2 protein chains.
Amino acid sequence: MKIIFSFEQLYNFSVELMVREGLKHEQGEVIAENLLEAELRGVVTHGLVRLPVYMERAREGGINKFADVKVIADNGATMILDGNNTFGQIVGKLAMGHAIEKAQKYGISFIGVRNSNHFGIAAYYSSMAIEHSMIGFSCSNASPRIAPSGGASKQLGNNPISLAFPVLDSFPIVIDMALSVAAAGKIRIAAANNEKIPLGWAIDKVGRPTEDAISALEGFLLPIGGHKGYALAFAVDLLCGMLTGSAFGKEVGKIDELSQPQRQGHVFGAIRIENFMSMDLYKDKVACYIDNIKGSKKADGSNAIYLPGELEWLAKQRNLEHGLALPVELVKKLNAIGEHYGLKLPI
Amino acid sequence: MKIIFSFEQLYNFSVELMVREGLKHEQGEVIAENLLEAELRGVVTHGLVRLPVYMERAREGGINKFADVKVIADNGATMILDGNNTFGQIVGKLAMGHAIEKAQKYGISFIGVRNSNHFGIAAYYSSMAIEHSMIGFSCSNASPRIAPSGGASKQLGNNPISLAFPVLDSFPIVIDMALSVAAAGKIRIAAANNEKIPLGWAIDKVGRPTEDAISALEGFLLPIGGHKGYALAFAVDLLCGMLTGSAFGKEVGKIDELSQPQRQGHVFGAIRIENFMSMDLYKDKVACYIDNIKGSKKADGSNAIYLPGELEWLAKQRNLEHGLALPVELVKKLNAIGEHYGLKLPI
């Protein structure tokens with residue numbers, strides 16, 4: 001069963017929760033925007049389902065809700081920010097702002113963030129570049145879930161990367177992907193339904209290929225393209241975790257260790273398109289590319305060819321028009337958290 | 001049957017071939033270095049097997065061997081170079097030099113190249129950053145071989161990306177990967193041997209999954225992670241092809257259309273590590289990360305965990321010591337080309 005809410009209801013509830021926990025109003029807004037953007041885009045794994053654990057982390061000390069973000073280094077087109085254990089969203093939005101400012105000056109930028117926490121959907125940050133006529137980039141390390149090729153221990157996160165390209169006369173091209181073949185959530189659903197999973201999604205705890213969802217959950221997610229995804233996850237961690245001076249590899253903290261900082265690291269960047277061509281020319285070229293792809297021959301049994309981010313954009317338009325349908329279990333969890341602060345969503 | 005040559009024999013042969021075709025000695029050296037680096041690293045698909053087609057393209061006009069590379073734009077940390085249809089290696093090495101220079105000043109750089117040709121192994125360029133205490137990056141678009149998800153026509157190249165990280169007291173971490181699950185070469189070998197290919201490597205010409213190698217060759221390579229690899233290939237092409245003002249998507253030329261420019265686009269970049277930490281601290285951190293991964297638990301049946309680029313580095317040490325073993329058919333092909341210029345490898 002699902003209950004339908006308007007965007008405003010859920011947004012105001014989320015902001016108010018943060019404010020009553022002691023955050024500044026504008027900080028609560030950033031976190032709510034990020035969670036609701038995920039919810040609107042249909043990326044429910046990063047939507048309001050995360051709100052309870054965020055609040056618990058803020059209460060238990062895993063997140064420092066009063067932290068000040070500090071600039072550690074500022075050289076040319078690069079910076080390092082120290083999140084001092086604030087919400088990933090708070091330091092993330094700040095860092096992406098710097099990335100845009102630096103790219104305005106230098107054409108490209110690279111902003112590293114250390115000592116942060118879960119930052120929600122990566123696309124939230126990369127997409128900020130779009131209205132500035134820039135290509136946006138964001139990535140993060142994450143708590144370990146992936147074994148290196150040939151290994152059977154958690155050494156690497158399912159690290160997300162996002163790229164956003166303006167399209168100008170249509171919705172933007174937005175890539176936002178983690179590096180596993182399948183999300184852990186899909187395997188959890190298969191386990192709950194007593195269903196097998198396809199070979200290639202996961203290995204068991206001793207590193208053997210498995211179709212058993214329970215064994216997969218005890219084991220490791222497989223990265224896309226085997227050793228290729230392993231290499232990409234490693235590279236993202238070297239940039240986000242190691243180079244920024246944050247935790248990396250197996251040292252990155254888990255979101256459900258409520259009193260422990262995650263020490264996640266992120267990287268944000270932007271590329272100023274007008275360093276390469278006029279926006280008019282860019283607009284024509286992108287439109288031409290999109291027309292070629294959308295109009296190309298479909299595979300047998302395929303109804304449409306989608307651009308990266310198109311399905312999420314369609315979901316957002318639908319959800320803004322018709323409201324957001326939340327599972328009743330989620331609404332109960334949100335109300336359980338809300339009760340602590342004297343807040344309630346209508347059931 | 002294979003014939004063993006020293007590095008110097010093959011290098012001198014390759015350079016001399018280029019010189020007799022009319023290239024400057026130092027230009028011939030760059031191309032030979034790139035091809036031999038692939039050969040040494042065991043990436044034979046990008047080694048001397050490419051030399052005949054390179055020479056033919058230079059003779060037939062597909063490559064302009066007398067082209068001058070021009071700087072089209074130079075703003076802050078970004079540049080655009082026009083290769084004017086020179087060899088990809090010539091403009092590629094030049095562009096990576098600019099990437100290193102710009103990163104020295106700004107901390108990061110982004111150099112776009114338009115109107116180029118096949119540039120050999122991407123790792124050749126990214127690795128140039130290592131001795132400058134930088135992380136190197138390179139990528140290129142390529143002639144179309146991949147269909148967008150849900151499609152059945154060639155719209156995207158099997159675009160390579162490479163990242164190289166200095167390690168300082170050991171071999172570097174070098175990632176160099178195309179975006180298909182399996183290389184087309186592997187499917188060609190299966191077809192020649194009348195063998196099946198695994199599901200997930202390719203789709204046939206109407207877009208159906210196939211285990212038949214012949215149908216796969218008539219169809220399309222599948223990208224890593226399905227829609228994820230499609231999105232990555234698209235992003236690489238938007239940056240390398242569209243943003244640089246080069247050909248993109250299905251317009252990128254094929255290497256075997258000998259009289260036609262490929263109009264490939266590339267991007268090169270570097271990140272200056274000392275904008276983030278001292279090289280001493282970086283060295284310790286990377287060593288710690290490598291120790292964690294190399295020393296971690298192995299999967300059942302696995303003998304070792306390799307770092308990205310480790311197998312290629314091991315191959316290079318072996319090949320430098322024991323010489324390079326070329327298949328006799330390749331030697332014959334090289335001699336067939338050499339004959340035109342009065343050059344011969346010993347058989």
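The numbers here are math on the coordinates, done by the rules we state, and not lab data. Fair warning: this is a prediction, and the values are worked out from it, not measured in the lab. Every residue, glycine as well, gets a Cβ built from its backbone with ideal geometry; the counts of neighbours run over all protein chains shown.
Results, tabulated for the structure shown:
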{"item": "Globularity ratio of the range B:1-159, using Cα Rg and 2.2 N^0.38 Å", "result": "1.10"}
{"item": "Note, ³J(HN,Hα) from phi for the range B:314-327, Karplus 6.51, -1.76, 1.60, rounded to Hz, x at Gly and Pro", "result": "4, 4, 4, 4, 4, 5, 5, 6, 9, x, 9, 9, 9, x"}
{"item": "Proportion of all alpha-carbon pairs of the range B:178-277 beyond 17 Å (%)", "result": "64 percent"}
{"item": "Other protein chain Cβ atoms within 10 Å, averaged over every residue that makes up B:97-110", "result": "5"}
{"item": "For the range A:1-45, alpha-carbon Rg and Dmax in angstrom", "result": "11.0, 34"}
{"item": "Spin-label pair A:Asn194/B:Val71, simplified geometry with 7 Å Cα→Cβ offset, distance in nm", "result": "7.1 nm"}
{"item": "A:Asp291-A:Tyr341 pseudo-label distance in nm [points 7 Å out on the Cα-to-Cβ vector]", "result": "4.9 nm"}
{"item": "Shape of the range B:1-83, Cα gyration tensor, a/c cut at 1.5", "result": "prolate"}
{"item": "Relative frequency of Cα-Cα separations exceeding 51 Å in the protein assembly as shown, percent", "result": "10 percent"}
{"item": "In order through the range A:192-204: 3J(HN,Hα) via Karplus (6.51 cos²θ - 1.76 cosθ + 1.60), integer Hz, x for Gly, Pro", "result": "5, 8, 6, 9, 6, 10, x, 4, x, 7, 7, 10, 7"}
{"item": "Long-range amide H partners of A:Leu156 with built H, under 5 Å", "result": "A:Arg145, A:Ile146"}
{"item": "Convex hull volume per residue for the range B:251-306, taking Cα atoms only, in Å³", "result": "202 Å³"}
{"item": "Whole-number percent relative contact order across the range B:162-266, with pairs defined as alpha carbons under 8 Å at least 6 apart", "result": "17 percent"}
{"item": "Positive-pole candidate from A:Tyr124, A:Leu163, A:Ala142, dipole of the range A:39-166, charges at beta carbon", "result": "A:Ala142"}
{"item": "FRET E, pair A:Lys24, B:Gln104, Förster distance 45 Å, beta-carbon r, rounded to 0.05", "result": "0.65"}
{"item": "q = 0.18 Å⁻¹: log10 I(q)/I(0) that the Debye formula gives for the range B:58-117, counting C-alpha atoms only", "result": "-0.57"}
{"item": "Relative contact order of chain B, pairs being alpha-carbon contacts under 8 Å that are 6 or more residues apart, as %", "result": "23 percent"}
{"item": "Of B:Gly61, B:Ile111, B:Ala99, farthest towards positive along the dipole that unit charges on Lys, Arg, Asp, Glu beta carbons give the range B:53-166", "result": "B:Gly61"}
{"item": "Spatial separation of Cα centroids for the range A:208-247 and the range B:20-61, in angstrom", "result": "36 Å"}
{"item": "Only Lys, Arg (+1) and Asp, Glu (-1) charged, at Cβ; chain A dipole about Cα centre in debye", "result": "560 debye"}
{"item": "Distance cut-off 26 Å, percentage of C-alpha pairs in the range A:224-347 lying past it", "result": "62 percent"}
{"item": "Given charges at Cβ of Lys, Arg, Asp, Glu: the range B:261-347 dipole, positive-most of B:Met277, B:Gly309, B:Ser296", "result": "B:Gly309"}
{"item": "3J(HN,Hα) from dihedral phi, the range B:171-181, Karplus parametrisation 6.51/-1.76/1.60, rounded to Hz, x for glycine, proline", "result": "5, x, 8, 10, 9, 8, 9, 8, 9, 8, 4"}
{"item": "Sorted peptide list for A:113-119, B:230-236, B:195-201, criterion being average Cβ within 10 angstrom, highest first", "result": "A:113-119, B:230-236, B:195-201"}
{"item": "Relative intensity, log₁₀ I(q)/I(0), of the range B:154-226 from a Debye sum that treats every alpha carbon as a point, q = 0.12, 0.24, 0.27 Å⁻¹", "result": "-0.40, -1.01, -1.19"}
{"item": "Other copies of B:Ala191: label-to-label distances in nm, shortest first, labels 7 Å along the beta-carbon direction", "result": "4.3"}
{"item": "Residues whose placed amide H lies under 5 Å from that of B:Asn84, excluding near-sequence neighbours", "result": "B:Lys70"}
{"item": "Simple Cβ-charge dipole of the range A:46-118, Lys/Arg +1 and Asp/Glu -1, about Cα centre, in debye nearest 20", "result": "100 debye"}
{"item": "Cβ charges +1 (Lys, Arg) and -1 (Asp, Glu), total dipole of the range B:53-180, debye", "result": "340 debye"}
{"item": "Inter-copy spacing of A:Val206 label points, which lie 7 Å from Cα along Cα→Cβ, given in nm from shortest upward", "result": "4.5"}
{"item": "Value of Rg/Rh across the range B:143-188 [Cα atoms, Kirkwood radius]", "result": "1.17"}
{"item": "Computed Kirkwood radius, in angstrom, where 1/r is averaged over Cα pairs of the range B:290-347", "result": "14.9 Å"}
{"item": "Alpha-carbon spread of chain B, three principal axes, descending order, Å", "result": "51, 50, 44"}
{"item": "Convex hull volume of the range A:92-165 per residue (C-alpha atoms, cubic angstrom)", "result": "97 Å³"}
